Amino acid sequence: MSTTNQELNNWIEEVKELTQPDRIHWCDGSKEEYRRIVQEMLKSKQLYELNQETHPNCYLHRSDPNDVARTEHLTYVCTSKSETAGPNNNWMSPSEGHEKVDKLFAGCMKGRTMYVIPYCMGPVESPYSRCGVELTDSPYVAINMHIMTRMGNQALKRIESEKTFVKGLHSTGDLSIENRLIMHFPEELSIKSIGSGYGGNALLGKKCHALRIASYQAKTEGWLAEHMLILGLQSPEGETHYVAAAFPSQCGKTNLAMLIPPETYKGWKVWTVGDDIAWMHLGEDGRLFAINPEAGYFGVAPGTSEKTNPNALAMLQQDAIFTNVAVTEDNQPWWEGLDEGTPKTDWQGRPFDPSQGKAAQPNSRFTVSAKHCPSYSPEAENPKGVPISAIIFGGRRPSLIPLVYETKSWEHSVLVGASVASETTAAATGKVGVLRHDPMAMKPFCGYNFAEYWQHWLSFSSKSKNLPKVFHVNWFRQDEKGEFMWPGFGENIRVLEWIIGRVKGQAEAIPTPIGYLPARGAISTNGLDVSNETMDELCKVDEQGWIGEASKVRTYLETFGTQLPQELRDEQDKIIKVTPNKCPTH
Ligand code: GTP
Ligand code: SPV
Ligand code: MN
C-alpha cells in the first residue's frame, strides 16, 4: 500500500532503508486486522489468552521485566537552543539527538514487520484534532494503538487532506536500558523512540505526541495540551458542569473520571469524557473547550475494584489487553486491591510467591476502548469539545495540603498549578514515595521550558474574562498511623459538589491567604464516617507549614532564573506577607 501523501511515502522509504524491516504492514484499523495481529501474537507468545468465558477477547501481555514504566532519565527534548527545552527537560541538540538514536535504529527491524499506523488524536471530525503516523516493529503497540486512538484508514484520509502529521518512529530495539532513548524534536514535529515497549515510551500518540509535541504547538497556537482528565458532573436537576483535573501519574485521574456517586448522592451522575489528556481551546464566548485526544484508557490495574472503580471493572470484562498483571488458577486477571480471587501466577509468569514481591507489577495496566466505559459521555465525540467550568490541580500529599481550596485569581491559579508537588509513583522508574515538584502534573510531559509554559498560562487572562475557576485538591492526607484521612474514590463527589457550588456562587467558603477554603459544613459528610474533627483538620491552613512550603516552592521556581514570570513571584509574596497569624480556622 501507499498514500497520495508524498512526504509520508518518502519518510517510510527513509525509515525502511535505516531499519531494514522484512515486511511492511499498513494498518487499516479494521476489527479483522486487530484479530489477526492478536492471533499472531498468541502464536509467538507475546500474548496469552485469559479466561474467555469470564473475559471474552481479553489477553495478557508480559513485558520485559526491565521495561515496565516510563524512563524519564532517557527521555529528551531536542531543540536547537537548550533554553527552549528548559531546566525541566533533558536536552540534546537535534543533530546529536538524531545521530545517537539513528545508530540504535540502524538495522533494528531485520526479521521484523514494520507496522505503519496513521492515527488521529481527537474525534476525526474535530478541527482541534491532530494526526500522526507511528512506524513501529511492535505488534503490541499496533493493537494498543487500535484501542487508544482513531487509527487506520479514517486517519490516513484526514492526513491526506490536511497534509500535516507528526512523524513517530518506534522500535523495541533490544529492550535494554543501555540502548533506550525517547527523543522528541518539537521543531520538526517528530519523535524517535527505541528500546522500550512500555505505554508512555512506545504508544507515541499518547505522552510523546499529545503532550510533549502538542504542548509545544499549543504554545505558539494559543491553546493548552494538558495532563488532565475531563468529566461531566450532572446534578439531580439535570444540569451538567464539565471539570478538567490534572493529577500526576497514578494519582487518581482515571478513578475520578469514572466516579460512581455513593448512595446518599441519588440523582447525581458523573460522565467520563477523558481520563488522562485534555486539549483546550478558547471558545468565542471566552470559555475553555476541551477535547479528549484519546479513544481508550491505558489505566492502572492495582487498586481497581468493585468498591473503588466499578465502572472500570465493568469495562474490563471484555475486549481488554492486560499488561503485567497476575493470573488466577482459572486464568482470570488479578492484581493487588482487586478484592476477589487469588493469584496463582505472578506478572512474570512465575508461580506466585509473596517473598518475590507483588503478584501484579505495581504499574500493571489495562488497555480498553473508551466506548466500553458505562459512564462514557456522548459529548466526548463532540468535535467542539465540552465547556470547562472548573480546573482542578492535585497531588499525593500526606500532610499540609488541604482537601480542597479555591484560588483567588487567574494569576494565583497559575502559581498554584506551578506549585504542585506530589510523591513519586510506579508510573516511572525510580524510587516511589519521594516528594517532587510536578507543576500542573506536567513535569515529565511539558515539551518546552516551564517558565515559558507558565507565561503561556498567564496570557489567557488577557484573552478571556470567562475562564474556569481553579481549585487544588488532595485525596491523600494521612493521619499519624499512616491511614488515609479522606475516604476518596466515590466520596470525592462531595468535593466536586462544593467546587461546582463555588462556580455557581452558592457554596460557602472562608477566605485565607492560600485561597478560599470550604466553610464548616459546606462539604456534606452526610452518610460518611468522617468526624467533624477530621474535616476540620482536612480543611485548615497550617501557617508555619505553609511558610515552609512557600519557601520550598520559591527555591524551585527560582531555578528558572530570569525567565520566571514576575507575576508568580508577586503572587507568592502576597501569600507570605499575610500568612503569619492571619489564617482563620473554623
Ligand atoms: P496514570 O494513568 O498513571 O496517569 O494514573 P491516574 O492519575 O489515572 O491514577 P488512577 O486513577 O489510576 O489511580 C492511581 C492509584 O491511586 C490507584 O491505585 C487508585 O486505586 C488510587 N486512587 C485513586 N483515587 C484515589 C482516592 O481518591 N483515594 C485514594 N486513597 N487512592 C486513590
Ligand atoms: C502516566 O504515566 O501518566 C500514564 C501512563 O498515563 S503512560 O502512558 O505510560 O504515560
Ligand atoms: Mn497519565
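The values are calculated or read from the model by the stated rules, or taken from the named source; none is laboratory data. Owing to the predicted nature of the structure, the values given are computational and were not obtained by experimental measurement. In this analysis, Cβ positions are derived from the backbone assuming ideal geometry, glycine residues included, and neighbour counts consider all displayed protein chains. For accessibility, only protein heavy atoms count, side chains too; no ligands or nucleic acids. Shrake-Rupley method; radii C 1.70, N 1.55, O 1.52, S 1.80 Å.
Scanning the range 188-211 for residues being within 16 Å of ligand 1 (Cβ to nearest atom) and open to solvent by 10 Å² or more (accessible area, probe 1.4 Å) gives a total of 3. Taking strands (runs of 3 or more DSSP E) as the structural unit, no element lying wholly within the range 418-512 holds at least 3 residues that are in contact with a Cys (Cβ under 6 Å, 6 or more places away or on another chain) and not aliphatic (A, V, I, L, M).
For the range 272-326, filtering for residues that are closer than 30 Å to W410 by Cα and either part of a strand (DSSP E or B) or of a type in the set (K, R) (or both) leaves 13. Considered as a group, the residues in the range 226-249 that are among the small types (G, A, S) and in contact (Cβ under 8 Å) with a residue 60 or more places away in the chain include one that is farthest from P439 (Cα to Cα), and that residue is S235. Determine whether the range 278-293 contains at least one residue that is within 12 Å of ligand 1 (Cβ to nearest atom) and either farther than 15 Å from A370 by Cβ or not small (G, A, S) (or both). No, there is no match, as no residue in the range 278-293 is within 12 Å of ligand 1 (Cβ to nearest atom) and either farther than 15 Å from A370 by Cβ or not small (G, A, S) (or both). Evaluated against (1) more than 14 Å from the chain's Cα centre (by Cα); (2) of a type outside the set (A, V, I, L, M, F, W, C); (3) within 14 Å of ligand 3 (Cβ to nearest atom), S193 falls short on exactly one condition, (3). Flag: F460 does not match the condition of being open to solvent by less than 10 Å² (accessible area, probe 1.4 Å), in contact with an Asp or Glu (Cβ under 6 Å, 6 or more places away or on another chain) and either hydroxyl-bearing (S, T, Y) or within 20 Å of S409 (Cα to Cα) (or both). Note on the range 245-271: residues that are closer than 19 Å to V473 by Cα and either away from ligand 1 (no atom under 13 Å from the Cβ) or part of a strand (DSSP E or B) (or both) total 4. Filtered by the rule that a residue be assigned to a loop (DSSP other than H, G, I, E, B), within 19 Å of the chain's Cα centre (by Cα) and away from ligand 1 (no atom under 12 Å from the Cβ), the range 212-244 gives a lone residue, W223. Scan the range 182-207 for residues that are assigned to a helix (DSSP H, G or I) and under 20 Å from F298 (Cα atoms) and the total you get is 7.
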